[in-house]
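First the structure, in the form of structure tokens, and then the observations on it.
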Amino acid sequence: MSMALKQVFNKERTFRPKRKFEPGTQRFELHKKAQASLNAGLDLKQAVALPHGEDLNDWVAVHVVDFFNRINLIYGTISDSCTDQTCPMMSGGPKYEYRWQDEHKYKKPTAVPAPKYMSLLMDWIEVQINNEHIFPTNVGTPFPKTFMQVAKKILSRLFRVFVHVYIHHFDRVNQMGAEAHVNTCYKHFYYFVTEFNLTDHKELEPLKEMTSQMCH
């Protein structure tokens, strides 16, 4: 890992504080299991598979939080070069524009600059993952019937962060020596969402060519 990158990741320069799993909880154990398989240098395709005897909702919940933390960190590393001036709209090249919509202020899809979109997105995800009724932390508390729907929406929107970073800010990623880290995180994310069919194919379209080279 390059010095510049070490500094970035040591400073934990996240865009948001990390959401952590409480030690002693089932979710914490699963998180450790997921990390262990990654650290063992397992093929990422194998690392995302549901461990024997584990609940799919739990496995997805752990990964949603983990990807939220990692993608936060990635965006944090390039956020100084993503401004209202450089990125007046949230996009992935000329063909893809992402508008923000939520249940509160933005009831209709609204064009906003990329940094504003990122801020709204991270706030919105944080509210969901801190909501006990959607992401229960206690063992035995059932997940709501809508959980997978919520997880899909979160992951689809997180994918857009990769799209924006790869298409508009990859020179900054390179400058920081973070390319290998971002690529690994992307592959992990891609294998996970495709393994469990958690993102529409049309969402994956903007990075299709890169993905076909990177994720055989």
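The values are calculated or read from the model by the stated rules, or taken from the named source; none is laboratory data. Here the structure is a predicted model, which means the values were calculated and not measured. Cβ: placed from backbone, ideal geometry, glycine included. Neighbour counts: every protein chain shown. Each accessible area value is taken on the protein alone, full model and side chains, heavy atoms only, with ligands, DNA and RNA left out. Shrake-Rupley method; radii C 1.70, N 1.55, O 1.52, S 1.80 Å.
Observations on the structure shown:
- Only one of the numbered conditions (1) part of a loop (DSSP other than H, G, I, E, B); (2) modelled with pLDDT of 90 or more; (3) open to solvent by 20 Å² or more (accessible area, probe 1.4 Å) is not met by PRO51, and that is (2).
- Within the stretch 97-141, the set of residues being under 19 Å from the mean Cα position of the chain (by Cα), assigned to a loop (DSSP other than H, G, I, E, B) and of a type in the set (A, V, I, L, M) comprises just one member, ILE134.
- Test: residue in the stretch 15-24 that is within 26 Å of PHE170 (Cβ to Cβ), basic (Lys, Arg) and at pLDDT below 90: yes
- Answer residue from the stretch 54-70, given it is farther than 13 Å from PHE196 by Cβ and either acidic (Asp, Glu) or out of contact with any helix residue (DSSP H, G or I) (no Cβ under 9 Å at 6 or more places or on another chain) (or both) and is surrounded by the most Cβ atoms within 10 Å (Cβ to Cβ) among those: ASP66
- Single unsatisfied condition, HIS216 versus (1) at pLDDT 95 or above; (2) farther than 15 Å from VAL62 by Cβ; (3) assigned to a loop (DSSP other than H, G, I, E, B): (1)
- Pick from the stretch 173-182, criterion open to solvent by 30 Å² or more (accessible area, probe 1.4 Å) and assigned to a helix (DSSP H, G or I), ranking: farthest from ALA47 (Cα to Cα): GLN175
- Pairing residues of the stretch 110-135 that are farther than 20 Å from TYR96 by Cβ with residues that are open to solvent by 20 Å² or more (accessible area, probe 1.4 Å) and polar (S, T, N, Q), at Cβ distances under 6 Å and at least 6 apart in sequence or on separate chains, gives ILE134/GLN128.
- Check on LYS208, under 22 Å from TYR96 (Cβ atoms), surrounded by 15 or more Cβ atoms within 10 Å (Cβ to Cβ) and among the charged types (D, E, K, R): no
- The number of residues in the stretch 184-200 being assigned to a helix (DSSP H, G or I) and either open to solvent by less than 30 Å² (accessible area, probe 1.4 Å) or under 13 Å from SER81 (Cβ atoms) (or both) comes to 7.
- Residue check: PHE170 meets all listed conditions (1) open to solvent by 60 Å² or more (accessible area, probe 1.4 Å); (2) free of Cβ contacts under 8 Å to residues at least 24 places away in the same chain; (3) closer than 28 Å to ASP43 by Cβ but one, namely (1).
- Some residue of the stretch 71-82 being loosely packed, with under 15 Cβ neighbours inside 10 Å and modelled with pLDDT of 90 or more: yes
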